[in-house]
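S.K.: Before I ask anything, here is the structure I am working with.
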Amino acid sequence: MHAITGLFGLRPLKPFWGPKFAYIMKARTTLLRDLGGSMSPFNAWAFIQGLETLP
């Protein structure tokens, strides 16, 4: 029965559905698309190390 419904024991949160939630999700995805994800400190350090080796 779980594979048929696709919910696997979870129930969607109906109070969060609606235009307010849709607006919040649109704002978050647009911001992430425009700015990109944040880089972790180790990845930033590795990136700088790689830049220093370029001529």
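The values are calculated or read from the model by the stated rules, or taken from the named source; none is laboratory data. The structure presented is a predicted model; accordingly, all values stated were derived computationally and were not measured. When we count neighbours, we look across all protein chains shown, and the Cβ atoms used for this are built from the backbone with ideal geometry, even at glycine.
S.K.: Does any residue in the stretch 40-55 that is without any contact (Cβ under 8 Å) to a residue 40 or more places away in the chain come within less than 8 Å, Cβ to Cβ, of a residue that is surrounded by 10 or more Cβ atoms within 10 Å (Cβ to Cβ) six or more places away or on a different chain, and which pairs are these?
M.R.: 47/39
S.K.: Let me ask something else about it. Kindly provide the set of residues from the stretch 35-53 that are assigned to a helix (DSSP H, G or I) and either at pLDDT below 85 or of a type in the set (S, T, N, Q) (or both), ordered by number. Break it down into steps so the answer makes sense when it comes.
M.R.: Taking the stretch 35-53 and keeping what is assigned to a helix (DSSP H, G or I), we get 35, 41-52.
Those that are assigned to a helix (DSSP H, G or I) and either at pLDDT below 85 or of a type in the set (S, T, N, Q) (or both): 35, 43, 49.
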